[in-house]
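Accompanying notes for the structure given below.
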Amino acid sequence: MAARVGWMLVLLFLAIAVPGLVSAQAPAGGDAALGARLFSGAVRMQNGGTPCIACHSAGAAGGTYGPDLTTVFTRYGGAKNLEPVLATIAFPSMQPVFARHPLTAAERADVIAYLGAVASAAPQRDAARFPLLGLLFAIVALVAMAVIWRKRLTGVRRALVSRSTR
């Protein structure tokens with residue numbers, strides 16, 4: 001089982017890394033609206049595959065078994081890298097579902113177009129915002145402590161200084 005998964009991951013890597021390795025190319029410019037209906041199951045897949053929403057979410061709603069696909073388009077670097085992933089579906093949990101029901105090239109293009117639309121509509125999170133807010137909070141906290149406790153040791157210091165100078 002582990003060897004099979006390892007070979008699937010190698011094939012997936014090769015499909016992504018070597019352009020043209022996957023023979024079935026997606027038609028340029030899929031239909032995002034049709035992709036949304038395929039994703040949600042409103043339109044059945046041609047080969048009878050399970051709708052993506054059964055396991056995945058994209059945007060606001062969906063399944064929770066698989067990962068959220070809202071930003072998968074940008075994480076994979078666009079359609080050219082996402083197409084081989086959908087063509088060779090090498091994920092162990094998806095293999096039993098899609099081994100006999102692969103997506104057609106047109107369905108892949110439509111679903112990819114939908115995922116691209118979802119990714120562009122998703123709010124972009126600034127990765128540097130959280131550490132900067134943490135740093136700002138730390139500075140404000142240190143300044144507040146310095147202001148509040150500025151005279152905390154004054155009485156002790158005076159006594160020590162007066163004793164040492166006698």
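The values are calculated or read from the model by the stated rules, or taken from the named source; none is laboratory data. The shown structure was predicted, so the numbers you read here are calculated from the model rather than taken from an experiment. Methodologically, a virtual Cβ is constructed for each residue, glycine included, from the backbone with ideal geometry; neighbour enumeration extends over all protein chains shown. Heavy atoms of the whole protein, side chains included, go into the accessibility calculation; ligands, DNA and RNA do not. Shrake-Rupley method; radii C 1.70, N 1.55, O 1.52, S 1.80 Å.
Somewhere in the stretch 35-52, is a residue among the hydrophobic types (A, V, I, L, M, F, W, C), over 22 Å from the mean Cα position of the chain (by Cα), open to solvent by 50 Å² or more (accessible area, probe 1.4 Å) and modelled with pLDDT under 50?
Among the residues of the stretch 35-52, not one is among the hydrophobic types (A, V, I, L, M, F, W, C), over 22 Å from the mean Cα position of the chain (by Cα), open to solvent by 50 Å² or more (accessible area, probe 1.4 Å) and modelled with pLDDT under 50, which makes the answer no.
From the list VAL72, VAL118, VAL111, VAL85, which residue is touching a strand residue (DSSP E or B) at 6+ places or on another chain (Cβ under 7 Å), aliphatic (A, V, I, L, M) and under 21 Å from GLY30 (Cβ atoms)? Can you show your working first?
On the way: VAL72 fails: touching a strand residue (DSSP E or B) at 6+ places or on another chain (Cβ under 7 Å); VAL111 fails: touching a strand residue (DSSP E or B) at 6+ places or on another chain (Cβ under 7 Å); VAL85 fails: touching a strand residue (DSSP E or B) at 6+ places or on another chain (Cβ under 7 Å).
Every option except VAL118 fails the conditions.
Please enumerate the residues belonging to the stretch 60-80 that are open to solvent by less than 30 Å² (accessible area, probe 1.4 Å), farther than 15 Å from THR50 by Cβ and aliphatic (A, V, I, L, M). If you could, list the steps in order and put the result at the bottom.
Within the stretch 60-80, the first condition is being open to solvent by less than 30 Å² (accessible area, probe 1.4 Å), and the residues that meet it are 63, 66, 69-70, 72, 78.
Still in the list and also farther than 15 Å from THR50 by Cβ: 70, 72, 78.
Matches in the stretch 60-80: VAL72 only.
Every residue, every condition in (1) open to solvent by 90 Å² or more (accessible area, probe 1.4 Å); (2) modelled with pLDDT under 90; (3) not in a helix (DSSP H, G or I), yes or no:
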{"residue": "LEU82", "(1), (2), (3)": "no, no, no"}
{"residue": "ARG108", "(1), (2), (3)": "no, no, no"}
{"residue": "ILE112", "(1), (2), (3)": "no, no, no"}
{"residue": "GLN124", "(1), (2), (3)": "yes, yes, yes"}
{"residue": "ALA138", "(1), (2), (3)": "no, no, no"}
{"residue": "LEU142", "(1), (2), (3)": "yes, no, no"}
{"residue": "ALA146", "(1), (2), (3)": "no, yes, no"}
{"residue": "ARG150", "(1), (2), (3)": "yes, yes, yes"}
{"residue": "LEU160", "(1), (2), (3)": "yes, yes, no"}
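Within the stretch 26-62, which residues are of a type in the set (Gly, Ala, Ser), within 20 Å of LYS80 (Cα to Cα) and in a helix (DSSP H, G or I)?
Taking the stretch 26-62 as the starting set, the residues that turn out to be of a type in the set (Gly, Ala, Ser) are 26, 28-30, 32-33, 35-36, 40-42, 48-49, 54, 57-62.
The next check asks that each one be within 20 Å of LYS80 (Cα to Cα); those that pass are 26, 28-30, 32-33, 35-36, 58.
Selection gives ALA32, ALA33, GLY35, ALA36.
Would you pick out the residues in the stretch 84-104 that are part of a helix (DSSP H, G or I) and surrounded by fewer than 16 Cβ atoms within 10 Å (Cβ to Cβ)? I'd like the intermediate steps shown before the answer.
Here is the first cut: in the stretch 84-104, the residues part of a helix (DSSP H, G or I) are 84-88, 95-98.
Listed by number, the residues that qualify are GLN95, PRO96, VAL97.
Yes or no: the stretch 12-25 includes at least one residue that is surrounded by 15 or more Cβ atoms within 10 Å (Cβ to Cβ), at pLDDT 90 or above, assigned to a loop (DSSP other than H, G, I, E, B) and not small (Gly, Ala, Ser).
No: the stretch 12-25 contains no residue that is surrounded by 15 or more Cβ atoms within 10 Å (Cβ to Cβ), at pLDDT 90 or above, assigned to a loop (DSSP other than H, G, I, E, B) and not small (Gly, Ala, Ser).
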